[in-house]
Amino acid sequence: AGVIYAGIKAPAIHSRGIMILVVDSTFTVPCATKIQRLMDDLSGDGWQIIRHDFGRSTTDVTIKAAITADYTSHANVKSVLLLGHVAVPYSGDDNPDGHPDHLGAWPSDIFYGSIAGPWTDAVINDPGSSYPANQNIPGDGKYDQTLIPSTAELQVSRIDFANMPAFPATEVQMMDR
């Protein structure tokens, strides 16, 4: 179920705050025109943009350090948009789909929006999932927290077309569209 809010004669919002745009450098050149259009559209909607381009091998810790630096040095940072397949943090020991063989860590982009943390990787020891991505053991780079450890300071969104083999277009073609 979805909800749509609309307003007639609603006052314009001229300043929404600062959005940090994190771009997968795979798309920096081939999608440059469309990324610039996205930035122009966001700016036209009232966002100030701070952009960072990172390679796919850049760790979630490095990306979060850049986000945290922006958050602490600018007074009005409100949002993060991840564009592409930048590092996907995994966290927790849960099976939200109810399948016992899925117990473990799950994608947790909120890691990037929860600045205060703490995010740890020392407690959860669950190597039992039949999916390696869900396995979570101390020191593996997947976090312990099943719930957000503190109030999230930032909104986080992701646009990512990686690992979508059912579509005939390449990842770059899908992103460019």
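Wrap a convex hull around the Cα atoms of the chain, take a quarter of its surface area, and give that in square nanometres. Could you put the intermediate results ahead of the total?
Values: hull surface 50.3 nm².
If I average the Cα hull's projected area over directions, I get 12.6 nm².
To test your reading of the geometry: what angle, between 0 and 90 degrees and rounded to tens, separates the Cα axis of helix 32-44 from the longest principal axis of the chain?
The angle comes out at about 70 degrees.
Counting heavy atoms of the protein chains only and a 1.4 Å probe, report the per residue accessible area for the chain as a whole number of Å². Before the final figure, lay out each step's value.
Details: 10130 Å² over 177 residues.
Spelled out: the 1.4 Å probe surface of the chain, per residue, equals 57 Å².
Would you work out if segment 97-177 is rounded, prolate or oblate? Take a ≥ b ≥ c from the square roots of the eigenvalues of the alpha-carbon gyration tensor; rounded if a/c is under 1.5, else prolate when a/b is larger than b/c, oblate otherwise.
Working: a/c = 2.63, a/b = 1.33, b/c = 1.98.
Oblate is the answer for segment 97-177, as a/c is 1.5 or above yet b/c matches or exceeds a/b.
Positive end of the dipole of the chain, charges at C-beta (+1 Lys, Arg; -1 Asp, Glu), about the Cα centre: which of A10, V23, F161 has its Cα farthest in that direction?
Among A10, V23, F161, the one farthest towards the positive end of the dipole of the chain is A10.
Calculate what fraction, in whole %, of the accessible area of segment 59-168 sits on carbon and sulfur atoms when a 1.4 Å probe is rolled over the protein chains. Don't skip to the answer; put the middle values down first.
Numbers: 3390 of 5620 Å².
The value for segment 59-168 is 60 percent carbon and sulfur by accessible area.
Expressed as a whole number of Å, what is the distance separating the alpha-carbon centroids of segment 126-157 and segment 53-75?
If you average the Cα positions of each part, the centres end up 18 Å apart.
Please quote Rg/Rh for segment 76-118 to two decimal places, taking the Kirkwood radius as Rh and restricting both calculations to Cα atoms. Don't skip to the end; give the middle numbers.
Details: Rg = 13.0 Å, Rh = 12.2 Å.
Ratio value, two decimals: 1.07.
Mean residue ellipticity at 222 nm from the helices of the chain, using -39,500 (n - 2.57) per DSSP H segment of n ≥ 4 over the full residue count, to the nearest 500 deg cm²/dmol? Don't jump to the answer; show the numbers that get you there.
Values: 3 runs with 33 residues, N = 177.
Per the formula, -5500 deg cm²/dmol.
Can you tell me how segment 1-102 classifies by the Cα gyration tensor, rounded, prolate or oblate, using a/c under 1.5 as the rounded cut? Provide the component values of the computation, followed by the final result.
Working: a/c = 1.74, a/b = 1.24, b/c = 1.40.
Taking the square roots of the gyration eigenvalues as a ≥ b ≥ c, segment 1-102 is oblate.
Rank G128, T58, A75 by how far each Cα sits towards the positive end of the charge dipole of the chain (+1 on Lys, Arg Cβ; -1 on Asp, Glu Cβ) and give me just the farthest.
A75
Starting from the Kirkwood Rh over alpha-carbon pairs, what translational D in µm² s⁻¹ does segment 1-51 have by Stokes-Einstein at 20 °C and 1.002 mPa s? Working shown, then result.
Details: Rh = 13.0 Å.
Here the translational diffusion coefficient equals 165 µm²/s.
To the nearest 10 degrees, how steeply does helix 60-73 sit against the main Cα axis of the chain, on a 0 to 90 scale?
40
Can you give the charge dipole size of segment 67-131 about its Cα centre, rounded to the nearest 20 debye, using +1 on the beta carbon of Lys and Arg and -1 on the beta carbon of Asp and Glu?
Values: 1 positive and 8 negative charges, 70 e Å.
For this selection, approximately 340 debye.
The values are calculated or read from the model by the stated rules, or taken from the named source; none is laboratory data. Predicted model, so just to flag it, every value in this text is computed and none were measured. With ideal geometry, Cβ positions are generated from the backbone for all residues, glycine too; neighbour counts draw on all protein chains shown. What goes into the accessible areas is simple: the full protein's heavy atoms, side chains included, and nothing from ligands, DNA or RNA. Shrake-Rupley method; radii C 1.70, N 1.55, O 1.52, S 1.80 Å.
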